[in-house]
1. Assuming R0 = 30 Å, can you tell me the calculated FRET efficiency for the pair N277 and R299, based on Cβ-Cβ distance, to the nearest 0.05?
2. Separation between the N352 and E375 pseudo-spin-labels, each 7 Å from Cα along Cα→Cβ, expressed in nm?
3. Say the dipole of the chain comes from +1 at the beta carbon of Lys and Arg and -1 at that of Asp and Glu; which of I369, F52, L290 then lies farthest toward its positive end?
4. How high is the relative contact order of the chain? Use alpha-carbon pairs under 8 Å, at least six apart in sequence, and give a whole percent.
5. Please list 3J(HN,Hα) in residue order for region 330-337, calculated via the Karplus relation 6.51 cos²θ - 1.76 cosθ + 1.60 where θ = phi - 60°; whole Hz, with x for glycine and proline.
6. How large is the helix-only mean residue ellipticity at 222 nm for the chain, computed as the sum of -39500 (n - 2.57) over DSSP H runs with n ≥ 4, divided by its residue count, in deg cm²/dmol to the nearest 500?
7. Which FRET efficiency value, to the nearest 0.05, do you get for N323 and H56 by plugging their Cβ-Cβ distance into 1/(1 + (r/R0)^6) with R0 = 45 Å?
8. Calculate the dipole size of region 71-176 relative to its Cα centre from +1 charges on Lys and Arg beta carbons and -1 charges on Asp and Glu beta carbons; express the result in debye to the nearest 20.
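Read the figures in this text as sums done on the coordinates, not as results from a lab. In this text, all values refer to a predicted model and were calculated from it rather than measured experimentally. All Cβ positions, glycine included, derive from the backbone under ideal geometry; neighbour counts span all protein chains shown.
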Amino acid sequence: MEKLILKKDADNRIRHGHPWIFSNEIVQHIDCEDGEIVEILSSTGKSYGLAFYNSHSLVAGRLLYCEKFDYSLICERIRRSLEYRKFLFPDENSYRVVFGESDLLPGLIVDKYSNYLSVQFLSAGVDKIKETIINALLEAIPDIEGIIEKDISTHRKSENLPEVETVLYGTIADKTRFSENSILFDVSLKEGQKTGYFLDQKINRKFLQSIAKGKTVLDCFCNQGGFALNAAKSGATHVLGVDISQSAVDTSQHNAKINNFNNVDFIKDDVFDFLENENSTGNKWDIIVLDPPAFTKNRKTLPKAKAGYAKINRLALKLLNKNGFIVTSSCSHHLKEQDFFDIIQREASKQNVKLRLVYRGMQSPDHPILVSMPETQYLKFFIFQLI
């Protein structure tokens, strides 16, 4: 087995539990296929065990925390990951089964929707053993009817991997039905973003139910209706979802219909334009949900992203009724939680309004955070009340 030697003091971060080795931390790169397993050694010869290696990636090494990485270990790690999710959500049939480094399977994402799996292979290491991983998943969850690979991602590009979207096992129906918070959803795993649906807001959507009864609710960037339908289920007087994608609107309307929700509507519009228009007409809402896509994928565009978050929160604050709630989130990893909090506070201060924080959320616990790896923490979520 090839050995990868680190530069002097390059193992400081690794000793504190961070699993990535960056390209500039290596004494000399070796000639092997991307995704090969190598042994990591410090400059003094201390072994840190095995790692996936990719000379074409900024993240050249991904530690595996083992001395032998084989099929039985992969099965064991998948089984433990699955048991944890079943413990979290015993009455749910949809959740994230594997969350990459947080489950010691670097680069592997597995989401379960009823009897179907949607997977991503975001590192050369797991991509190289794709067939082995599929077999391990089928052994752990034998009633799976279909597995789809959804590898349209910038992470693949950074690993020098092609983008791929294909059925790996069984068949995938045009619509897959699953439940979340006792609400039915029909989504397209073939056409949906990422792995098909955004499961990371599950707990935050559930909390919305506790404050939405009897309220008017505006769900911006509604995607496939997650927040809007949770508000509708709680007994909101009227819910409106807005998204720029007609496909998302159509799916949301369908999902409202299969749940027999008559208090929710969906429209196609640019959220920024819609909020501007609402301000011009003087409409007011009791609750406004802001769950936009990531405004930045890197530090370079962070200033522009901050301006975007400031604008939508500023427009939303102006539309709230007295004692209304703003439900606001960011999935941009590069925007830190305190910075996001400060953006909202500044916009409230500019309008001379006072906010009180009533709920502070994060990604659902089936997306666990590896404490030694800040990159696994990305979702910021606040609910403020206007007072």
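1. Working: r = 33 Å, r/R0 = 1.10.
Efficiency, from the Cβ-Cβ distance: 0.35.
2. Inter-label distance under the simple model: 4.8 nm.
3. L290
4. Numbers: 804 pairs, mean separation 42.1, N = 387.
Contact order relative to length: 11 percent.
5. 9, 9, 7, 4, 6, 8, 6, 4
6. Working: 11 runs with 118 residues, N = 387.
Per the formula, -9000 deg cm²/dmol.
7. Numbers: r = 54 Å, r/R0 = 1.21.
E between N323 and H56, to the nearest 0.05, is 0.25.
8. Values: 13 positive and 18 negative charges, 40 e Å.
The dipole magnitude comes to about 200 debye.
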